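The values are calculated or read from the model by the stated rules, or taken from the named source; none is laboratory data. Just so you know, these numbers come straight off a predicted model, no measurement behind them. Every residue, glycine among them, receives a Cβ derived from its backbone with ideal geometry; neighbour counts consider all protein chains shown.
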Amino acid sequence: MTLAKLFAGASLWPLLVGLAGPALAQEAANPFAAIGHIVVIYTENRSFDNIFGLYPGADGLGVGADRFVQVDTNGKPFESLPPIRGGKGADRRFPAVLPNAPFPIDAFLPAAQKTPDLTHDHFQEKEQINGGRMDRFAAVSGAGGLVMGYYDGRRLAQWRLAEEFTLADHFFHGAFGGSFVNHMFLVCACTPKFPGAPSSLIADVDETTGLLARAEDSPPSAHIAPPRYRKSGPVTRDGYAVSTLQPPTPLSPLDAPTPAGHGLPPQTQPTIGDLLSKKGVSWAWYAGGWNDMRAGRIRQRQAPEFFQTHHQPFLYFANFAPGTPERELHLKDAEDFFAAADAGTLPAVSFYKPIGKFNQHPHYADLESGDAHLAEVVARLRRSPDWKDMLIIVTADENGGAWDHVAPPTIDRFGPGTRVPTLILSPFAKKGFVDHTVYDTASILATIETRFGLAPLTARDKGAADVRNALETGATAQGSATR
């Protein structure tokens, strides 16, 4: 109970306000005072239109397809989409010819089946976005026309959660590119640095376009084959790591050592974990398969688990190096997450990363299994004693190369990238609400920082909107009375 509640109507109240005014003002200004537990569930590689393009009231696919036309390498509209390609050529589960427009994947392939992977990397996504025109996804993808596919989300648990709570339809992933850089962005609002990277890791960029330089034998049309480049690489010329790299020390003893000089040097930038620890706020990163990897029972990227080391961002920071107390204290297994949820002992901030087979990533995972896992996790959290003051943010790390029709805002050279599906779930969340606020991955950090009185990590989270617009008016007062 707050002092305001305790002394409401009492003659001492004016004096109390004078003595405690700053603290009361701070409490009233915190839109998340009701929230005692923040849980971030970080899924994989889906654009907003890919999952929620048909959602009523959202900025989706309800307008004529003429504004969704994709263009070829020469800038001219395709007469039909490039063929859908997998690892062994054309994917014959789909029609050989598809109109140049969005199409329903589940008209040809159930959500329980895996699709080919799609190109999703830093320079390629910048080219796909094409200055906000969003018209080169099909031209710059190894999967061809598959980028324009979407699902009828009404069959998904995510859709039902959106109907019950809040769906954010203008939430963009933080940085152009794939999972590695966006997981790093989630914890530090920064792009990792690799000064002095070997020349073999430096991308060959065209000075005039700022994009990957095309090889001389790059095909003239995406109908023939995807583009070819002189040299792609995970590091920019000025030493930023924008694509997948491994930490210097493998997590699993089964994995081969990272070649000398090719692992990302330990990062020293502050993370949200560092800020929380310094403030004395409890937190943990929970990952499916963590204990099995450390014990050498599984290795990364192998069936059936498909654990991904580059989905574990804290591994790349010096403060969480092997043998450090911080690693043992804060990096934990999914089973620890579920046990804490069941017991009502979750830390104030939890990040949960599903193991690969349940993370919804195309190619090695399917949408239906990941959706069912997400539903199970959310249901378990709602049964937790901690649910009464919980805020859950469910979002994808990045779009995975899937097209979306909404142009991202321009903030800096690294992003944000394309829209991703995002749910905001809480007893205090607005019900059946579509939140049109412009968010990006840094909004998660901004929300945590606002709740716990932390300084921003970088300009990106300083400028990001927190998710207060998704909460019911009066949540602050309710939380004040129940803490």
*Mind listing whichever residues of the stretch 92-119 are touching a residue at least 24 places away in the same chain (Cβ under 8 Å), part of a loop (DSSP other than H, G, I, E, B) and touching a Ser or Thr at 6+ places or on another chain (Cβ under 8 Å)?*
LEU98, ASN100, ALA112, LEU118, THR119
*Of all strands (runs of 3 or more DSSP E) completely enclosed by the stretch 381-483, which ones contain at least 1 residues that are farther than 30 Å from ASN100 by Cβ, touching a strand residue (DSSP E or B) at 6+ places or on another chain (Cβ under 9 Å) and among the aromatic types (Phe, Trp, Tyr)?*
433-435
*Number of the exception - ALA225 against (1) without any contact (Cβ under 8 Å) to a residue 40 or more places away in the chain; (2) within 28 Å of the chain's Cα centre (by Cα)*: (2)
*Which is among the aliphatic types (A, V, I, L, M) and touching a Ser or Thr at 6+ places or on another chain (Cβ under 8 Å), of ALA334, ALA341?*
ALA341
_Take the residues in the stretch 228-251 that are touching a residue at least 40 places away in the same chain (Cβ under 8 Å) and surrounded by fewer than 19 Cβ atoms within 10 Å (Cβ to Cβ); name whichever of them is farthest from ARG327 (Cα to Cα)._
SER232
*Is there any pair with a first residue in the stretch 400-429 that is modelled with pLDDT of 95 or more and a second that is basic (Lys, Arg) and surrounded by fewer than 24 Cβ atoms within 10 Å (Cβ to Cβ) whose Cβ atoms are under 8 Å apart and which are 6 or more apart or on different chains, and what are they?*
HIS405/ARG67; ALA407/ARG133; PRO427/LYS388
_Among residues of the stretch 266-301, those that are under 19 Å from PHE358 (Cβ atoms), out of contact with any His (no Cβ under 7 Å at 6 or more places or on another chain) and crowded, with 18+ Cβ neighbours inside 10 Å, counted_ = 9
*Which residue pairs have Cβ atoms closer than 6 Å, lie 6 or more positions apart in sequence or on different chains, and pair a first residue in the stretch 431-442 that is in contact (Cβ under 8 Å) with a residue 24 or more places away in the chain with a second residue that is part of a strand (DSSP E or B)?*
PHE433/THR166; VAL434/LEU167; ASP435/THR166; ASP435/ALA168; TYR439/ALA168; TYR439/PHE171; ASP440/PHE172
_Given the condition of a type in the set (Ser, Thr, Tyr) and in contact with a Cys (Cβ under 8 Å, 6 or more places away or on another chain), answer yes or no: does some residue in the stretch 273-285 qualify?_
no
*Could you tell me whether any residue of the stretch 321-329 is crowded, with 17+ Cβ neighbours inside 10 Å and either at positive phi or aliphatic (A, V, I, L, M) (or both)?*
no
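Matching residues to (1) under 28 Å from ALA372 (Cβ atoms); (2) in contact with a Leu (Cβ under 9 Å, 6 or more places away or on another chain):
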site: GLN124; (1), (2): no, yes
site: GLY144; (1), (2): no, yes
site: MET148; (1), (2): yes, yes
site: ARG155; (1), (2): yes, no
site: LEU161; (1), (2): yes, yes
site: LEU167; (1), (2): yes, yes
site: HIS170; (1), (2): yes, no
site: GLY174; (1), (2): yes, yes
*Scanning the stretch 55-94 for residues that are on the phi > 0 side of the Ramachandran plot and out of contact with any Leu (no Cβ under 9 Å at 6 or more places or on another chain), which turns out surrounded by the most Cβ atoms within 10 Å (Cβ to Cβ)?*
GLY75
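Per-residue answers, yes or no, for (1) of a type in the set (D, E, K, R); (2) out of contact with any helix residue (DSSP H, G or I) (no Cβ under 6 Å at 6 or more places or on another chain); (3) surrounded by fewer than 17 Cβ atoms within 10 Å (Cβ to Cβ):
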site	(1), (2), (3)
ALA96	no, yes, yes
ALA112	no, no, yes
GLU125	yes, yes, no
GLY132	no, yes, yes
GLY149	no, no, no
LEU156	no, no, no
TRP159	no, no, no
ALA168	no, yes, no
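Condition check ((1) touching a His at 6+ places or on another chain (Cβ under 7 Å); (2) of a type in the set (Lys, Arg)) across all residues:
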| position | (1), (2) |
| --- | --- |
| ARG155 | no, yes |
| THR166 | no, no |
| HIS183 | yes, no |
| LYS193 | no, yes |
| ALA197 | no, no |
*If the Cβ limit is 7 Å and pairs must be 6+ apart or interchain, which residue in the stretch 373-397 that is without any contact (Cβ under 8 Å) to a residue 60 or more places away in the chain pairs with which residue that is of a type in the set (Phe, Trp, Tyr) and surrounded by fewer than 23 Cβ atoms within 10 Å (Cβ to Cβ)?*
ARG380/PHE338
*When you go through ALA256, ALA365, ALA339 one by one, which is the residue that is loosely packed, with under 15 Cβ neighbours inside 10 Å and within 24 Å of ALA157 (Cβ to Cβ)?*
ALA339
